[in-house]
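Laboratory data are not the source of any read-out in this text; all were calculated from the coordinates shown. Nothing here was measured: the structure is a model prediction, and the numbers come from that model. Note: ideal-geometry Cβ built from the backbone for every residue, glycine included; neighbour counts use all protein chains shown.
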Amino acid sequence: MVFIPASRHIMRFSLVLLPLALGGAPLRCKFFAWLAIKNRVCTADRLAKRGLPHPAVCPLCDQAEETIQHVLVSCVFARQVWTLIFHDLGLPSIVPQPGCTRFSNWWGQSIKSVEKAIRKGLNSLVILVAWEIWKHRNACVFEGVVPCVQQVRQAMVEEGTVWCLAGALALHDLLLWRLPVGS
Ligand SMILES: [Zn+2]
C-alpha cells in the first residue's frame, strides 16, 4: 500500500481541499461518522421502522439484521476490513473484536490505547475506513456488487491518497510511517 501523489487524483484535489483544510477528513465523511454515532444512518432497522423497503439481512455478511453499528464494527465483513488495514499498520490490537457492538465505544477505546502521536491520524483513518465500508455496502445494495474486502481496502487506499494530497497531514504521517513502501 503506497500513498504517493498520483496524477489521476489531481482533479479531485481541488474538490476536497477546502473541507480538508478544516481537519483530517472531508466534511461529508465527518458528517457520516456523526450520523453513525447517533444511529441516524438509513440502514435496514431504521427503514423498517418507517415501513420503507430494506435489505432483509446485512448485505455484507448475509447473516444478521442490518444496523449501522453492525455494518461498521459487528459485521464479520467489517471486522475483516479493519483486520486487514490495522495489520498493515502494525496496530492489530485495536481491531474490533466479536463482542464489539458500538462503533463509538470501539473508536474511543482505540484512540485511548494508541500513542498520542498517531491519535489524530487514527481518527482520520477510522472515518475513512467507516466511510469506505458504507460506500461498499451501498454498492452491494444498489449496484449488485459482491462484497469484497480487498475492494474496500483498494478504495480506502485511493481515497486516502486524495485526503493526504489535500492536507490530511496526520493521516499522511500515520500511513507513511506505518506502511512498508511497496506493499
Ligand atoms: Zn453483516
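Working only within segment 69-89, note down all residues that are within 13 Å of the ligand (Cβ to nearest atom) and not in a helix (DSSP H, G or I).
Cys75
Could you please tell me which pairs satisfy a Cβ distance under 8 Å, a separation of 6+ or placement on different chains, a first residue in segment 116-141 that is closer than 19 Å to Val95 by Cβ, and a second residue that is polar (S, T, N, Q)?
Correct list of pairs: Leu122/Ser110; Val126/Ser110; His136/Gln151.
In segment 49-68, how many are over 18 Å from Gly99 (Cα atoms), free of Cβ contacts under 8 Å to residues at least 60 places away in the same chain and either near the ligand (Cβ under 8 Å from one of its atoms) or among the polar types (S, T, N, Q) (or both)?
Residues in segment 49-68 being over 18 Å from Gly99 (Cα atoms), free of Cβ contacts under 8 Å to residues at least 60 places away in the same chain and either near the ligand (Cβ under 8 Å from one of its atoms) or among the polar types (S, T, N, Q) (or both): 2 in total.
What residue, among those in segment 148-171 that are of a type outside the set (A, V, I, L, M) and surrounded by fewer than 20 Cβ atoms within 10 Å (Cβ to Cβ), is nearest to Phe103 (Cα to Cα)?
Here the residue is Arg153.
Give the residues of segment 103-128 that are over 26 Å from Val146 (Cβ atoms) and crowded, with 18+ Cβ neighbours inside 10 Å, sorted by residue number.
Within segment 103-128, the first condition is being over 26 Å from Val146 (Cβ atoms), and the residues that meet it are 104-124.
Of everything in segment 103-128, those that are over 26 Å from Val146 (Cβ atoms) and crowded, with 18+ Cβ neighbours inside 10 Å turn out to be Trp106, Trp107, Ser110, Ile118, Lys120, Gly121, Leu122, Asn123, Ser124.
Six or more apart or on different chains, Cβ atoms under 8 Å: show the pairs whose first residue is in segment 71-99 and within 19 Å of Ala139 (Cα to Cα) and whose second is among the charged types (D, E, K, R) and not in a helix (DSSP H, G or I).
Close Cβ pairs (under 8 Å, with a partner that is among the charged types (D, E, K, R) and not in a helix (DSSP H, G or I)) amount to Val73/Arg102.
Looking only at segment 90-122, count how many residues are part of a helix (DSSP H, G or I), under 26 Å from Pro59 (Cα atoms) and within 15 Å of the chain's Cα centre (by Cα).
Qualifying residue count, segment 90-122: 5.
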